[in-house]
Amino acid sequence: MIIGRLTRDPELRTTPGGASVCQMGLATNFVYNNKETGQKVEQVEYHNVVLWRKLGEIAAQYLKKGRRVYIEGRLQTRSWDGKDGQKKSRTEIVADNMIMLDGGMGGGSSASGGSASSSGAGSYQAPAARPTPPSPDAGQPSPTEELPTIQQGEDINVEDIPF
């Protein structure tokens, strides 16, 4: 489980078998005070994240560089022989769940966001209902609007996503 910011826009590709796969970079940081100098030190780690099928499609559609995201998944290390004959390897996080932490498409700092999962055929849980702004002639805010929830096993339709 990690929370970080995207280092680049997600890249969506399709495998020869027709499955969607999305790759993105995620940066996490750790800030501490150096005991010897008393100065703040920031340590940044970069992670490669892979999202498959509908989860990858959702990430590619709604995430952009700089957005904050929560990722749950497993570590996977792949190795191959490079063009120069050298053995190469890469450790990635294969995401099972994702929560977009920055609200709205503008990348604001709201804590609300959407969540998605790659379990089964894919599922999407709509964020909590957001209150509508008060109307100018009413003293009280209008009631909150219920957002649709897509149950696991249903296909995700872009029109069903509330943001």
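The values are calculated or read from the model by the stated rules, or taken from the named source; none is laboratory data. Since the structure is predicted, the reported quantities are computational estimates derived from the model, not experimental observations. Neighbour counts run over all protein chains shown; Cβ positions are idealised from the backbone, glycine included.
Tabulated results
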{"item": "Some residue of the range 41-58 being in contact with a Gly (Cβ under 8 Å, 6 or more places away or on another chain), part of a strand (DSSP E or B) and without any contact (Cβ under 8 Å) to a residue 40 or more places away in the chain", "result": "yes"}
{"item": "Hits in the range 13-40 (condition: charged (D, E, K, R) and assigned to a loop (DSSP other than H, G, I, E, B))", "result": "LYS35, GLU36"}
{"item": "Residue within the range 14-23 that is at pLDDT 90 or above, within 15 Å of ASP96 (Cβ to Cβ) and either in contact with a Gly (Cβ under 8 Å, 6 or more places away or on another chain) or of a type in the set (Ser, Thr, Tyr) (or both) present", "result": "yes"}
{"item": "Matching residues, the range 36-83, being loosely packed, with under 13 Cβ neighbours inside 10 Å and of a type in the set (Asp, Glu)", "result": "GLU36, GLU42, GLU45, ASP81"}
{"item": "Considering residues of the range 84-97 that are within 24 Å of GLY18 (Cα to Cα) and of a type outside the set (S, T, N, Q) only, the residue surrounded by the most Cβ atoms within 10 Å (Cβ to Cβ)", "result": "ALA95"}
{"item": "Selection status of ALA27, at pLDDT below 90 and either of a type in the set (S, T, N, Q) or in contact with a strand residue (DSSP E or B) (Cβ under 9 Å, 6 or more places away or on another chain) (or both)", "result": "no"}
{"item": "Selection count, the range 2-37, where residues are aliphatic (A, V, I, L, M) and in contact (Cβ under 8 Å) with a residue 60 or more places away in the chain", "result": "4"}
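Conditions (1) at pLDDT below 90; (2) hydrophobic (A, V, I, L, M, F, W, C); (3) surrounded by 17 or more Cβ atoms within 10 Å (Cβ to Cβ), marked per residue:
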residue: ASN34; (1), (2), (3): yes, no, no
residue: GLY103; (1), (2), (3): yes, no, yes
residue: SER112; (1), (2), (3): yes, no, no
residue: SER117; (1), (2), (3): yes, no, yes
residue: ALA126; (1), (2), (3): yes, yes, no
